[in-house]
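The values are calculated or read from the model by the stated rules, or taken from the named source; none is laboratory data. Note that the structure is predicted; figures quoted are calculated from it, not measured. For neighbour counting, all protein chains shown are included, and Cβ atoms are generated from backbone atoms with ideal geometry for every residue, glycine included. Just so you know, the surface numbers come from the protein's heavy atoms only, side chains and all, with ligands and any DNA or RNA stripped out. Shrake-Rupley method; radii C 1.70, N 1.55, O 1.52, S 1.80 Å.
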Amino acid sequence: MEERKLVNDEIVLKGKPGIPMLLLGIFLLPVSVLALVFGVELVTWDGMFPGVILIALGILYLCLCWMPFAGLKVIKPNEALVLTLFGKYYGTLKEPGIFFVNPFVSAVNPTMEGKDVETAAATAGSTGLSLTLSGKSKDSASGKKLSMKALTLNNGKQKINDQLGNPIEIGVVVIWRVQNTAKAVFNVDNYMEFLSIQTDSALRNIVRLYPYDMADGGEDERSLRGSSQMVAEELKAEIQNKVEVAGLEILEARITHLAYAPEIAAAMLQRQQASAIIDARKMIVDGAVGMVEMALEKLSEGNIVELDEERKAAMVSNLLVVLCGSKDAQPIVNSGSIY
């Protein structure tokens, strides 16, 4: 099986100034018309040879006057134009301005072939891809220019199982830009769709490594909710590794939505509530034990009353019931002997 050849090197073109060629094209058009007119007049006045020469020059000028215009390329800031010559990669124009290049070159942009901006945006939306197209006009689409600006990818919410197998809904936003125009155009069919698919794959690979939340509240355990910054950095590195072949640079990746799937959200809410109640009870018991211990120490230090072990146990039991109970205790007053 033949190995697929990848384009790795980007050739940055230094186009010739376009204004002189524009003026030349404007000059050749009326000159060719005048040459034809004077050539016909000379032939009419029996000046056969000079007239034929002028007619030939006029026809030649008319045939060549389109070439200066065909080679003119206008590049705006943060735009690039990938050019091919007879099927081979010719180079990329990146500097803003008007330039003249080989008039036989053609521009290539697989994301805009036969589409305007609205059609491209609709296609991207149908694949779950949401991109900012600010600054890209219909002229840019028809000229097949690549935007070098920072773009936003929002793949929407994805339902993925976490490390514990719980289905969760997660959404991410990726800020990216085209870094190598040759790779973006020639190594993949459509670098926007390629980025969207690779983002889905990287997101699933990262999410399955972590639980949604820390099960026992441990400080060392990492989770999607508690370690969102770390997860975002790993997600950025994972996506960057996958889209390197397409010449894209990932500037930032952030989690925008994180929640349990609706089918288990109620059960997980009950678990969180139970965990909160247990934590609260632990705190109450710790405080109650401390208060009982303090009460016994105070009674012993002040020689207020001498209690044997049985009475101490009864006192501890009564204090714990009062302090740990979820409802107010109802006191019972004993006016007689305790025996």
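The table below lists the values:
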quantity: Virtual spin-label span in nm between K88 and Q163, 7 Å along Cα→Cβ; calculated: 5.4 nm
quantity: Accessible area, probe 1.4 Å, largest first, for residues L72, L151; calculated: L72, L151
quantity: Formal net charge of residues neighbouring V173 (Cβ-Cβ distance under 13 Å; K, R +1; D, E -1); calculated: +2
quantity: Probe 1.4 Å - accessible area at T111, Å² to nearest ten; calculated: 10 Å²
quantity: Members of K159/K236; K149/K183; K76/K242; K73/K242 lying beyond 24 Å, as alpha-carbon distances in this model show; calculated: K76/K242; K73/K242
quantity: For A246, net neighbour charge (Lys/Arg +1, Asp/Glu -1) across residues whose Cβ lies under 13 Å away; calculated: -2
quantity: Solvent-accessible area of R254 with every protein chain in place, 1.4 Å probe, in Å² to the nearest 10; calculated: 80 Å²
quantity: Percent carbon-and-sulfur accessible area, the range 145-229, ignoring ligands, DNA and RNA, probe 1.4 Å; calculated: 41 percent
